[in-house]
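Below is one structure; the comments refer to it alone.
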Amino acid sequence: MIVMQKLFINGVWTQGKGGSFSPINPVSATVSGVFSIPSDRQISDAIEAAGNAVEARVWSGKKWHERARILEKIASTMDARIDDLARAQSVGNGKTLTECRAQARAAADVFRYYASVAETYESEITTQRTESVTFSIQEPVGVVLAITPWNSPLTLEAQKIAPILAAGNSVILKPSEVTPHVSCLYAEILQYSGIPSGVFNVLFGEREVGEKLVSHSGISMITFTGGTGAGRAIASEAGKHLRPVILELGGKSPNIILADADLDQAAKGAAAGIFSGGGQSCIAGSRILVESSVCEEFTKKFLSVANAYRYGLPDDPDAQFGAMATFQHRDKVHQMVLEAEAAGGDILLGGAIPADAPFDVGAFYPATIISGLSPDAELCREEAFGPVCVIQSFNNMDDLNALANGTDYGLAAGIWTKSANKAWSIARSIKAGTVWINTYKELSISTPFGGFKSSGLWREKGLQGMQIYMENKGIYWNFENS
Ligand code: NAD
């Protein structure tokens, strides 16, 4: 019998009084847990507890280096539980354990990184231009609401929780209803490592819980990662309350192959850029833009690399990716492929739901490549969020610029070329928050990350990824009059 998972409010596991929901494991098609939902009263209780912790300064009152010690302990506790963390993610979104273990290690490193940021953080006495000595002081914003998606809760939640805590704030985490499992371990590990009661709270639920949280008067700031539609709704509600909001949203990223590129290397990079993680990544390189003179040659190489990309069961060490996170999502991806075919696209690889055991039971979908679509086709403009890419060709740099910047998104881009001049000029003309040159999908916690246009607002990661969760206060002190 599956026991109903409680909410984590004010340091106590608490039965939710607003009902429950049961996510489905997308590999086995069975229920992977039962999670309780908070009542309106419990939502307010959690926010009040988080606010009280801010007022009482139980966390923000600790010295920076004391907070750093606790963040370090979270990292080492996570290191000791990599397998538990990996399984908690895989059971929710069907990713391979190999990928989940790597993400669990990366998530522990995020806490380690922000421990060192906190340890070494310096405040400023600004240059004196009046009679007073002037200080620039940073204070925690207060209660930060973090709402997260299902594709990589391990890293995406760490990227929010660690800097929010490093800055001295309290957190309300509302994980995706598809992958709430990971957040239970975060609550356990953070409490064990010494995060005081009330400072970290977890509330489960679907969109409705998210909406109630976003509009609650006790929330000081919102940080959201998810779809662009939800991001717009959240920003619009937050705007009514003048509540700051960070948005990390969708993408339709171009991976650009110039004629002078090492085509073998580019084919490998383009395949990993779209098919790793089953394409369920905001930065997936889902548009392969190839200079026409090498398009045929590149496509052959790309197909041969892509052909070797296999989905598999989570514990298969040779599988390159797992299942899609939900059946509904897999069907949406497939529908987009069918519509692309109807719009004149040629399916060069994949494009069919597996019918063979054991994959017919789960929400699997193969690596899929489509060519021949016009740039205004849906699949060339809208995120599929699956292992599906389009190949488009261009003749010159103007063509490329129009194609590459021709969607509403601006999250990431890749450029494959041997020409430093071309690489630099394209990197500067692309409207994207991250540009990779002769590589793709490398990520570093010290490098700010986020999107242009409809891909988001502000940046996570790096030093500024912590400072964004602090208010600045200028203090003028006239010592002569004191
Ligand atoms: P989603 O927008 O459906 O849901 C994300 C979270 O928001 C969930 O917890 C959900 O319950 C909640 N939610 C949805 N609508 C809400 C509302 N109106 N108010 C408050 N909360 C609401 O996204 P998803 O399907 O879980 O994730 C996939 C999307 O996330 C893709 O578009 C992907 O590109 C994006 N994503 C972006 C990044 C990034 O860093 N830019 C990273 C990963 C995923």
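The values are calculated or read from the model by the stated rules, or taken from the named source; none is laboratory data. From a predicted model like this one, the values you see are computed outputs, not experimental measurements. Every residue, glycine among them, receives a Cβ derived from its backbone with ideal geometry; neighbour counts consider all protein chains shown. With ligands, DNA and RNA removed, areas are computed over all heavy atoms of the protein, side chains included. Shrake-Rupley method; radii C 1.70, N 1.55, O 1.52, S 1.80 Å.
In the set (1) within 15 Å of the ligand (Cβ to nearest atom); (2) under 30 Å from residue 124 (Cβ atoms); (3) in contact (Cβ under 8 Å) with a residue 24 or more places away in the chain; (4) in a loop (DSSP other than H, G, I, E, B), the condition left unmet by residue 444 is number (3). Taken together, 283, 288, 257 contain a single residue that is in contact (Cβ under 8 Å) with a residue 12 or more places away in the chain, crowded, with 20+ Cβ neighbours inside 10 Å and within 16 Å of the ligand (Cβ to nearest atom), which is 283. The helices (runs of 4 or more DSSP H) located wholly in segment 1-114 that include 1 or more residues which are farther than 26 Å from residue 463 by Cα, in the same structural domain as residue 220 (by TED's automatic domain parsing) and of a type in the set (A, V, I, L, M, F, W, C) occupy 40-56, 82-93. Residue 57 meets all of the listed conditions (1) crowded, with 18+ Cβ neighbours inside 10 Å; (2) of a type in the set (Lys, Arg); (3) within 23 Å of residue 145 (Cα to Cα) but one, namely (1).
Among the residues of segment 166-173, is any among the hydroxyl-bearing types (Ser, Thr, Tyr) and open to solvent by 10 Å² or more (accessible area, probe 1.4 Å)? Let's see the steps before the verdict.
Kept after step one, since they are among the hydroxyl-bearing types (Ser, Thr, Tyr), are these residues of segment 166-173: 170.
If we keep only those that are open to solvent by 10 Å² or more (accessible area, probe 1.4 Å) as well, we get none.
Within segment 166-173, none of the residues are among the hydroxyl-bearing types (Ser, Thr, Tyr) and open to solvent by 10 Å² or more (accessible area, probe 1.4 Å).
Every condition in (1) open to solvent by less than 60 Å² (accessible area, probe 1.4 Å); (2) free of Cβ contacts under 8 Å to residues at least 24 places away in the same chain holds for residue 359 except the one numbered (2).
Residues 390, 333: which one is of a type in the set (Val, Ile, Thr) and touching a Leu at 6+ places or on another chain (Cβ under 9 Å)?
Values: 333 fails: touching a Leu at 6+ places or on another chain (Cβ under 9 Å).
Answer to the selection: 390.
Condition check ((1) within 25 Å of residue 361 (Cβ to Cβ); (2) among the hydrophobic types (A, V, I, L, M, F, W, C); (3) at pLDDT 95 or above; (4) outside the structural domain of residue 149 (by TED's automatic domain parsing)) across all residues:
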| residue | (1), (2), (3), (4) |
| --- | --- |
| 294 | no, yes, yes, yes |
| 297 | no, no, yes, yes |
| 308 | yes, yes, no, yes |
| 311 | yes, no, yes, yes |
| 316 | yes, no, yes, yes |
| 326 | yes, no, yes, yes |
| 329 | yes, no, yes, yes |
| 332 | yes, no, yes, yes |
| 337 | yes, yes, yes, yes |
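Tell me which residues, restricted to segment 65-85, are open to solvent by 30 Å² or more (accessible area, probe 1.4 Å) and more than 11 Å from residue 162 (Cα to Cα). Result: 65, 66, 69, 73, 76, 79, 80, 81, 83, 84. For segment 260-280, a tally of residues being within 13 Å of the ligand (Cβ to nearest atom) and in contact with a strand residue (DSSP E or B) (Cβ under 8 Å, 6 or more places away or on another chain) returns 3.
Of all residues in segment 1-45, those that are of a type outside the set (S, T, N, Q) and within 30 Å of residue 359 (Cα to Cα) total 14.
Scanning segment 308-338 for residues that are in contact with a helix residue (DSSP H, G or I) (Cβ under 6 Å, 6 or more places away or on another chain) and outside any loop (DSSP other than H, G, I, E, B) turns up 321, 336. A single member of 98, 120 is open to solvent by 60 Å² or more (accessible area, probe 1.4 Å) and free of Cβ contacts under 8 Å to residues at least 12 places away in the same chain, and it is 120.
Okay, residues lined up against (1) under 30 Å from residue 351 (Cβ atoms); (2) assigned by TED's automatic domain parsing to the domain that holds residue 338; (3) in contact (Cβ under 8 Å) with a residue 24 or more places away in the chain:
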| residue | (1), (2), (3) |
| --- | --- |
| 407 | yes, yes, yes |
| 427 | no, yes, no |
| 434 | yes, yes, yes |
| 460 | no, no, yes |
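How about segment 1-44: which of its residues are under 22 Å from residue 220 (Cα atoms), open to solvent by 60 Å² or more (accessible area, probe 1.4 Å) and without any contact (Cβ under 8 Å) to a residue 40 or more places away in the chain? Don't jump to the end; show me each part of the working.
Of all residues in segment 1-44, those under 22 Å from residue 220 (Cα atoms) come to 7-11, 38-44.
Going one step further and asking which of them are open to solvent by 60 Å² or more (accessible area, probe 1.4 Å), we end up with 10, 40-41.
The one that is under 22 Å from residue 220 (Cα atoms), open to solvent by 60 Å² or more (accessible area, probe 1.4 Å) and without any contact (Cβ under 8 Å) to a residue 40 or more places away in the chain: 41.
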